[in-house]
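Notes follow the structure.
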């Protein structure tokens, strides 16, 4: 049956309108705004490429590149932990151990807690005096390891990444688990018959077959790492302390566009330039992600 | 019939909404103030419903800027003091309205009114004067027979005694960099003195002056008397720790008193200004006008909003405000609660307020890079973390402010 194009358009029109209004328009407006200087109030002054020059070569560049490298660090650590722990846990869950079903639910539970609540909760757990973490370390005789996690420049960002990992791990476990369960049981059985150990099965059969899923998850992790804002905001605030050690492009944008406490100067145009920078980094990966997913669907 | 129902519904809406005034602020502690203001206005025959909403301070300014521009803002907002980039921008774009024609300002001093005046017009009713300094737990001072220090060295001796006896001398919210800047500034007005700050403002000295570096060094040396892990603590942690006696002293403002008393009504709090270096120097306190209650361009109920503003300019409002928040009202002739610490702080405000400052209300925070946001806030954290020296902090201040501050540029021949 041939479907008229006009009917197709009619059915997708509401979604298209909403998408245009809440995604396309803000995107284009942001891009346009990046060529202006605007305090958020009053007239916008066209400045051309000045914001980008300021961001890459001017006095603002130090702050931007500091945050940019933190985003890269965030990605490397988060990806390593999420994928390795995700695979390990998914592999154990797939091996039908006692309590696997229950653990499957438990591992996903942090994903259901809103990010801001997670940040608030872990702020309390990581409190240097009364926090659960330091008091537990003291209780088990590891007082020397207790530290001001969010106040120590060497541990602040890592602490946020670990909390972020804890929050999202369940998602990666479930996706990797689905990929593992998709592997034909005949392959595993044949490997066992041939005398392969569990370790060999995991590394020589399961892992290679799950790699395409890893690729896709890696892209999602990259996008997530460069879009991160709420966790940092919830745990160290918009000033991203101590002394910008937890600063990411998201907090730089927020601070520049909206200002932090005591800030006398804001520039939404400069903030928009930061978002264009984030977009330019994330967009190619997003296109690649869509391409990979579509390719896999066609293969199925 | 349907038309009648619609008409009645509209009339009901008008009646229900009539007499409502919406106020936005960053001060959650003022909710009770507005309830009492409502009651007082009702006694005066003015049936006005006040809807008070408070937002997180870090989001407040952006929130009102967006709301007022889109016409979704309230009738009245709390505005920041002048001079100030934000408030000036709002005024210049017609989002804050002058109220000279509505309000009688005879109960305010000219100094206070300077903080709400722009190009000869007044843009708000000042509501509070904040005094910052060192607040201490009297119980510990009595226990160890300590008295309020008159010099910096005496302050250090007090800290030593407390630490020796197992009491944390100072609780510092190091995670909130603004509080460290406030600490630096309140020490500066006493240790450096207003004369030195005036010289700085006039370009007769600069941030590389050994006196400024000496202050940085003294603060850096004081950190051995702070709680362990202080760079990870917030002001919320500080409020709880101080209220429940886990630390003896805090560098804070009088607005904290209401919070501590709410947490622990039994705490006895004392106050002293940061002491100068020697006894022959006069101690000073950092005093600033907190903000003003301002009429916005989004006002939907002008008549009642004006009534609210008029009331805010009366001593009666000051009495309500002071008795609930324990802050010093900006309006004079208010009846203050008979709380010794408040009387003491008022005395400091009247007789020891530094006429020259370098934190809020100063020229050094009006442009970027700002001495507040861009230098002292991250710089104090770095210095306390041992990442930079006191000398480096001075150099950063010099490099930052000399980029745009004309008297300093002239001094450096830029």
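Every number here is computed from the coordinates shown, using simple stated rules; none is lab data. All values reported here derive from a predicted model rather than from experimental measurement. Cβ coordinates were reconstructed from backbone atoms using ideal geometry, including for glycine residues, and neighbour counts include every protein chain displayed.
7 Å from Cα along Cα→Cβ at both residue B:150 and residue A:76: what's the point-to-point distance in nm?
5.9
For residue B:36, put the label point 7 Å out on the Cα→Cβ axis and report which residues of region B:307-335 keep their amide N under 13 Å from it.
Counting backbone N atoms under 13 Å from the label point, the list is B:315-329, B:334-335.
Show that you can apply the helix-only estimate: for chain B, add -39,500 (n - 2.57) for every DSSP H stretch of four or more residues, divide by all residues, and state [θ] at 222 nm to the nearest 500.
-13500 deg cm²/dmol
So how much slack lies between residue A:17 and residue A:294, counting 0.36 nm per residue of separation and subtracting their Cα-Cα distance, in nm?
My answer for the length gained is 97.3 nm.
Give me B:184, A:168 sorted ascending by neighbouring Cβ count inside 10 Å, so fewest comes first.
Ranking B:184, A:168 by Cβ neighbours within 10 Å, fewest first, gives A:168, B:184.
When the Cα centres of region B:287-358 and region A:1-49 are compared, how far apart do they sit, in Å?
46
Nearest 10 degrees, 0 to 90: what angle lies between the long axis of helix B:390-401 and the longest principal axis of chain B (Cα atoms)?
40
Measure off 7 Å from each Cα along the Cα-to-Cβ vector at residue B:258 and residue A:285, then give the distance between these two points in nanometres to one decimal.
Here the answer is 4.6 nm between the modelled labels.
Return the distance in nm (one decimal) between the two label points of a simple spin-label model at residue A:65 and residue B:92, each offset 7 Å from Cα along Cα→Cβ.
Calculated label separation equals 3.2 nm.
Please give the FRET efficiency for residue A:57 paired with residue B:202, using the beta carbon to beta carbon distance and R0 = 56 Å, rounded to the nearest 0.05.
The pair residue A:57/residue B:202 has a calculated efficiency of 0.95.
Round to the nearest 0.05 the FRET efficiency obtained for residue B:165 and residue B:279 when R0 = 25 Å and r is the Cβ-Cβ distance.
Rounded to the nearest 0.05, the efficiency is 0.45.
Only counting other Cβ atoms within 10 Å, I'd like B:279, B:46 sorted with the fewest neighbours first.
Going from sparsest to densest Cβ surroundings: B:279, B:46.
Taking the beta-carbon count within 10 Å as an exposure proxy, list B:280, B:374 from fewest neighbours to most.
Ranking B:280, B:374 by Cβ neighbours within 10 Å, fewest first, gives B:280, B:374.
Angle between the Cα long axis of helix B:302-312 and the longest principal axis of chain B, 0 to 90 degrees, nearest 10?
Taking the Cα atoms of chain B, the angle to B:302-312 is about 40 degrees.
So if R0 is 25 Å, what FRET efficiency would residue A:207 and residue A:181 give, r being the distance between their Cβ atoms, rounded to the nearest 0.05?
With R0 = 25 Å, the Cβ-Cβ based efficiency is 0.95.
Label point 7 Å out from residue B:303 along Cα-to-Cβ: which residues of region B:37-71 have amide N under 20 Å?
B:38-51
Could you work out the helix-only [θ] at 222 nm for chain A, with each DSSP H run of four or more residues adding -39,500 (n - 2.57) and the total divided by the number of residues, to the nearest 500 deg cm²/dmol?
Value at 222 nm, helices only: -21500 deg cm²/dmol.
Within region B:199-231, name every residue whose backbone N is under 13 Å away from a label modeled 7 Å from Cα of residue B:389 along the Cβ vector.
Correct set: B:213-214, B:217.
If you wrap region A:36-299's Cα atoms in a convex hull and average its projection over all directions, what's the area in nm²?
Projected area, direction-averaged: 18.6 nm².
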